[in-house]
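Structure first, commentary second.
The values are calculated or read from the model by the stated rules, or taken from the named source; none is laboratory data. Keep in mind the model is a prediction, meaning the values are calculated, not measured. A quick note on method: Cβ atoms are made from the backbone with ideal geometry, for glycine too, and the neighbour counts reach across all protein chains shown. The area values use the complete protein model at the heavy-atom level, side chains included, leaving out ligands, DNA and RNA. Shrake-Rupley method; radii C 1.70, N 1.55, O 1.52, S 1.80 Å.
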Amino acid sequence: MQKDAQSYCTVKSMIIHEISASKRPGVCALLRLHRASELILQFMDRLAKSSDGERTSDIAAEVYRNTMAKHDMWIVQKLAGVAMYTLPSRKALIDTMCKQDYEQSLVLVQKVIDAGKPVYDVIDSEYTSYGLNWERERERERERERERERDFKNHSVQQVKVITLSYRIWWIVQVLFFFYRTIRCSWCWRSCL
């Protein structure tokens with residue numbers, strides 16, 4: 001157990017430990033965090049450089065398309081788009097997130113970017129130096145995503161078929177009921193004469 005704990009003290013030791021393993025939980029988890037940090041850093045950078053009137057939803061959507069969208073499933077992309085659409089203006093977002101003076105908050109955002117960028121770069125260089133192919137990991141994730149999308153679409157197609165069949169049955173019942181009323185009314189009409 002102690003040996004495993006030592007293997008996860010640094011990014012480098014984790015990569016060395018998992019490089020020969022068939023399963024790479026630490027490497028995969030760090031990959032996801034790495035992608036999320038790229039999104040956050042780019043969003044904060046664009047937020048710091050934008051004007052007060054610029055819509056943060058537009059900034060977030062563009063940053064998301066350039067970073068995380070290529071790794072997320074279709075349904076997650078759509079849900080992220082809805083969530084981003086609800087973002088407030090730049091000033092309102094910074095006032096809500098940073099409980100300090102507005103100008104002081106902008107300086108703080110820049111400090112966070114300056115502190116986060118080197119961490120991102122170090123992790124990126126560690127992956128590159130050990131020959132871990134980011135594209136291979138991305139391709140595996142894309143394949144899993146495609147499989148989930150196929151399952152989702154197959155499930156959706158089955159639901160559409162059931163709904164279509166239900167609608168057809170409803171329509172047939174309506175037509176039969178119409179004919180029943182017509183025949184009944186005509187019979188009543190004749191009997192009344």
What about residue 28, is it of a type outside the set (Asp, Glu), out of contact with any Ser or Thr (no Cβ under 6 Å at 6 or more places or on another chain) and outside any helix (DSSP H, G or I)?
-> no
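Please find, among 33, 106, the residue that is loosely packed, with under 13 Cβ neighbours inside 10 Å and either closer than 26 Å to residue 148 by Cβ or at pLDDT below 85 (or both). Even if it seems obvious, please write down each step before you answer.
Numbers: 106 fails: loosely packed, with under 13 Cβ neighbours inside 10 Å.
Sole residue among the options that is loosely packed, with under 13 Cβ neighbours inside 10 Å and either closer than 26 Å to residue 148 by Cβ or at pLDDT below 85 (or both): 33.
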Name, by its number, the condition in (1) within 14 Å of the chain's Cα centre (by Cα); (2) modelled with pLDDT under 85; (3) open to solvent by 50 Å² or more (accessible area, probe 1.4 Å) that does not hold for residue 65.
-> (2)
Take the residues of region 43-53 that are assigned to a helix (DSSP H, G or I) and open to solvent by 70 Å² or more (accessible area, probe 1.4 Å): which is nearest to residue 118 (Cα to Cα)?
-> 46
Given (1) part of a helix (DSSP H, G or I); (2) among the hydroxyl-bearing types (Ser, Thr, Tyr); (3) farther than 28 Å from residue 127 by Cα, index of the condition residue 64 fails = (3)
Within region 113-124, tally of residues that are touching a residue at least 12 places away in the same chain (Cβ under 8 Å) and farther than 22 Å from residue 65 by Cβ | 3
Flagged in region 72-112 as part of a helix (DSSP H, G or I) and touching a residue at least 24 places away in the same chain (Cβ under 8 Å), in numbering order, are 74, 75, 84, 85, 90, 91, 93, 94, 106, 109, 110, 112
